[in-house]
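Read the structure below first, then the notes.
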């Protein structure tokens, strides 16, 4: 398993489970229909746990361009590896979304509301106010990265002969990261659905646009920039603040 494949498969599994629970709760005639927010946030936390367990030993388990950027800004990850990691995350997220659609195809067909179908793939604001939506997503990503930096008291030990830095969520541990994502979802996820991950939102949104989903409507590209740029901004602030405080 190479770091590229680890990021790809880890992100794919995370999206498969995360978008999968949204499909189970939101789409018509599923066993989990109307399961509620606690079901969604719990499964998303466990989805991150699964991704970290798979990718952690091989890539550090970033699974999120905002995480990759934050660790690069903090000096704990090589800038040359940023593009390969982000590419793997985008591909993996797209594949995960495709697998969700294949798993729930009859239920997509049974669901009439285009917004519900889109919500399986990507996030959207409950009250559409771009400035506040951006701020909410940025705060969520800031919290994610700032907490991650300090779960290990800000210290990460590397082997003496390490030529690359495989730093990421795997360095923190799968269970603490899952709890962090869980509490962010419960506490801050209400306004926008807490993307806090550009790949998690953008790649599945692209898949939604490409798939032949019956009655799907548009992919809401007017909102798509918020769950991409806001997490990057929030994660950058967390990284720079961590460096300043260290």
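Read the figures in this text as sums done on the coordinates, not as results from a lab. The model shown is predicted, which means the values in this text are computed figures rather than measured ones. Because the Cβ atoms are built from the backbone with ideal geometry, glycine has one as well, and the counts that use them run over all protein chains shown.
A few remarks follow.
- Take every Cα pair under 8 Å whose residues are at least 6 apart in sequence, average their separation, divide by the length of region 165-246, and the relative contact order is 28 percent.
- Using alpha-carbon coordinates, inclination of helix 198-210 to the longest axis of the chain, degrees: 30
- When the chain is treated as a GNM with alpha-carbon contacts under 10 Å, the residue of 207, 39, 181 showing the greatest mean-square fluctuation is 39.
- Paramagnetic label zone (point 7 Å from Cα along Cα-to-C-beta, residue 105; backbone N under 16 Å) in region 177-212: 208, 210-212
- Estimated inter-spin distance, residue 128 and residue 80, nm [label 7 Å along Cα→Cβ]: 4.6
- Helical content of the chain, expressed as a calculated mean residue ellipticity at 222 nm, amounts to -22500 deg cm²/dmol (DSSP H runs of 4 or more residues, -39,500 (n - 2.57) each, divided by residue number, nearest 500).
- Among 148, 184, 127: highest mean-square fluctuation, GNM of the chain, C-alpha pairs under 10 Å: 127
- Mean separation of Cα contacts under 8 Å (6+ apart) over length of the chain, as relative contact order %: 31
- Crossing angle, helix 174-188 versus the chain [Cα axis fit, 0-90 degrees, rounded to tens]: 50
- The ellipsoid that matches the Cα gyration tensor of the chain has semi-axes, each √(5λ) in whole angstrom, of 30, 19, 16, with the longest given first.
- The modelled label-to-label distance for the pair residue 245/residue 151, using points 7 Å beyond Cα in the direction of Cβ, is 1.6 nm.
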